[in-house]
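So the structure is just underneath, and the comments pick up after that.
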Ligand code: AMP
């Protein structure tokens, strides 16, 4: 496994040792778990070369404390990537990604930028787009691998990629959420939870699953405000301190206030804070289930 810290070294390696190979790219912020490894494995299956980046992108954090407290476990990350035969790990510094001569860009993301995660994390998605755009232009992958755990982020990056010009077309592959046996979605942030917090956090997926069943069973008979209140209260009772949203969206990412056949829901998304740690999760609803 090549461990590379500098853009120039990465580009040299790609041009000399790996020319013309199909490249699968997995961008991460480290503190790796099996959710990340799932993306690596998918990439390994589908490409000749797999590159993982580890970069805690300061400009996407809207709270400085969240950035400083973000778990950093580089040694363990490298061991895990080696175990799963990742080919190249790229670990750039802030200056490598954001050199002084390259101004940050503003992407046209429309409403997507201001709702749900965007509402509660102002500026977050512009930070995400800047880093992913730069990484894509450095790596020039054939396929970009993202996890649907970050549902809105997938939409945002898809929107950004449709606006940007890349050296060659990049396919976006969105992979399923990897969960603990309890159902809790794996997240680097889970490391900051106590055992009790981890146990209570499972309510987030239980709520999503229950809400989905209710909606499937009574497609026209439930009021979405009732669903929202019920599961916000359930999460509060389970020890969550605050719930930012518990929201259904349609395929165009419109926020749904009513259930209708005309705009069927495709997912329920939620964000809630427990022990000061903000967790997000979602569940998809297929058209044939509704
Ligand atoms: P992060 O390191 O949190 O920025 O995540 C890097 C990538 O891993 C993103 O595309 C995430 O959506 C994906 N990811 C994070 N957690 C999971 C999970 N539990 N299952 C699948 N993918 C995940």
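Read-outs throughout are calculated quantities, based only on the coordinates presented, and are distinct from any laboratory measurement. From a predicted model like this one, the values you see are computed outputs, not experimental measurements. A quick note on method: Cβ atoms are made from the backbone with ideal geometry, for glycine too, and the neighbour counts reach across all protein chains shown.
How do the peptides 245-257, 157-169, 266-278 rank, highest first, by the average count of neighbouring beta carbon atoms within 10 Å per residue?
The densest-packed peptide leads the list: 266-278, 245-257, 157-169.
If r is the Cβ-Cβ distance from residue 289 to residue 226 and R0 is 35 Å, what FRET efficiency results, to the nearest 0.05?
0.95
Å³ per residue of the Cα convex hull, for region 136-190?
91 Å³
Given labels modelled 7 Å from the Cα in the Cβ direction, how far is it in nm from residue 137 to residue 120?
Placing both labels 7 Å along Cα→Cβ, they lie 3.2 nm apart.
Per the Kirkwood definition applied to all pairs of different Cα atoms, how many angstroms is the hydrodynamic radius of the chain?
Value: 20.1 Å, from the Cα pair sum.
How big is region 195-258 by Rg and Dmax over its Cα atoms, in Å?
Just the Cα atoms of region 195-258 yield Rg and Dmax of 12.6, 39 Å.
Distance from the Cα centre of region 29-80 to that of region 115-157, in angstrom?
Going from one Cα centre to the other spans 13 Å.
Quick one: length gained pulling residue 8 to residue 74 fully straight, 0.36 nm per residue minus the C-alpha distance?
21.6 nm is the gain from fully extending residue 8 to residue 74.
So if each residue of separation counts as 0.36 nm, and I subtract the Cα-Cα distance between residue 171 and residue 67, what length gain in nm does that give?
34.5 nm
If you average 1/r over every pair of different alpha-carbon atoms in region 5-107 and take one over that average, what Kirkwood value in Å do you get?
14.9 Å
Tell me, what are the semi-axes, in whole angstrom and largest first, of the equivalent ellipsoid of region 136-290 as set by the roots of 5 times the Cα gyration tensor eigenvalues?
Values for region 136-290, descending: 28, 22, 12 Å.
Report the residue, chosen from 258, 56, 132, that carries the largest GNM mean-square fluctuation when the chain is represented by alpha-carbon nodes joined by springs under 10 Å.
The residue that fluctuates most here is 258.
With the cut-off at 1.5 for a/c, could you classify region 54-177 from its C-alpha gyration tensor as rounded, prolate or oblate?
Judged from the Cα gyration tensor, region 54-177 comes out rounded (a/c under 1.5).
Over region 163-273, calculate the relative contact order: mean separation of alpha carbon pairs under 8 Å at least 6 apart, over the residue count, as a percent.
So the answer I get is 21 percent.
Can you give the calculated 222 nm mean residue ellipticity of the chain, where each DSSP H run of n ≥ 4 adds -39,500 (n - 2.57) and the sum is split over every residue, rounded to the nearest 500 deg cm²/dmol?
Dividing the helical sum by the residues of the chain leaves -11500 deg cm²/dmol.
Kirkwood Rh, region 216-290, all Cα pairs: how many Å?
Final number for the Kirkwood radius of region 216-290 is 13.0 Å.
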